[in-house]
Amino acid sequence: MSLTQLNTEQLIAKCREQDQNAQLETYNRYYKAMYNTALRIIKDTTEAEDIMQESFLIAFTKLSMLDDNALFGAWLKRIVINLSLTTSQKKDIHKEVALETIEYALTDSDGVTDEDLISIKADTILNTLMQLRDSYSTALSLHLIEGYDYEEICQIMNISYSNCRTLISRAKESLRKKLQFV
């Protein structure tokens, strides 16, 4: 049976045996999702790539710490998020772009399908999300895009439950206000 036909548990079992082909297959299965997760937090493509690759190295070298092979994806995502947050805090990223400096324009709707409009709306929301304060964009990304609940976000961001709810509420309001002008 080829590696592409193995389920995650079987593949991770081979990775535990230092099978480099299994590690490559695991990388190929997860790298896009992990890159996107890092990019939403760190907001820099090259930095997100570095974080993604470093996360895989950490995961493969510390695979013995993983209790259940079936949970590899969630475990890897947690590594990516923690590494992204650590990197973001180290660099103290506080780049805010004034909304007036960004131009959004749709001049002609001929030839634009509903799918195109949905894609444009999603891109607009994601771009606007990236313009929010770091704490807002991180909290909203974790909650709305990654699907973490408040308790998990509290642990990841090291904040209290009430602070988390307030942070997400204010982040949503800030996002709504910025999207009104788009």
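The values are calculated or read from the model by the stated rules, or taken from the named source; none is laboratory data. Model, not experiment: these values are computed from the prediction. Cβ sites come from the backbone with ideal geometry, for glycine too, and all protein chains shown count toward neighbours. Accessible surface is based on the protein model in full, side chains and every heavy atom, while ligands, DNA and RNA are left aside. Shrake-Rupley method; radii C 1.70, N 1.55, O 1.52, S 1.80 Å.
Here are some notes:
- Failed condition for residue 61, given (1) open to solvent by less than 70 Å² (accessible area, probe 1.4 Å); (2) modelled with pLDDT of 90 or more: (1)
- Residue within segment 42-49 that is among the charged types (D, E, K, R), at pLDDT below 90, touching a helix residue (DSSP H, G or I) at 6+ places or on another chain (Cβ under 8 Å) and open to solvent by 50 Å² or more (accessible area, probe 1.4 Å) present: yes
- The numbered conditions (1) assigned to a loop (DSSP other than H, G, I, E, B); (2) at pLDDT 60 or above are all true for residue 109 except (2).
- Among the residues of segment 41-96, those that are closer than 18 Å to residue 131 by Cβ and not hydroxyl-bearing (Ser, Thr, Tyr) comprise 41, 42, 43, 44, 47, 48, 91, 92, 93, 94, 95, 96.
- Residue match in segment 4-13 (condition: among the charged types (D, E, K, R), at pLDDT below 95, open to solvent by 30 Å² or more (accessible area, probe 1.4 Å) and farther than 24 Å from residue 129 by Cα): yes
- Positions within segment 79-96 being within 21 Å of residue 149 (Cβ to Cβ) and surrounded by fewer than 18 Cβ atoms within 10 Å (Cβ to Cβ), in sequence order: 82
- Among the residues of segment 136-147, the one identified as among the small types (Gly, Ala, Ser) and loosely packed, with under 15 Cβ neighbours inside 10 Å is 147.
- Yes/no for residue 137 being touching a helix residue (DSSP H, G or I) at 6+ places or on another chain (Cβ under 8 Å), hydroxyl-bearing (Ser, Thr, Tyr) and either at pLDDT below 85 or in a helix (DSSP H, G or I) (or both): yes
- Top-ranked residue in segment 148-177 [being farther than 20 Å from residue 74 by Cβ and β-branched (Val, Ile, Thr); ranked as surrounded by the fewest Cβ atoms within 10 Å (Cβ to Cβ)]: 166
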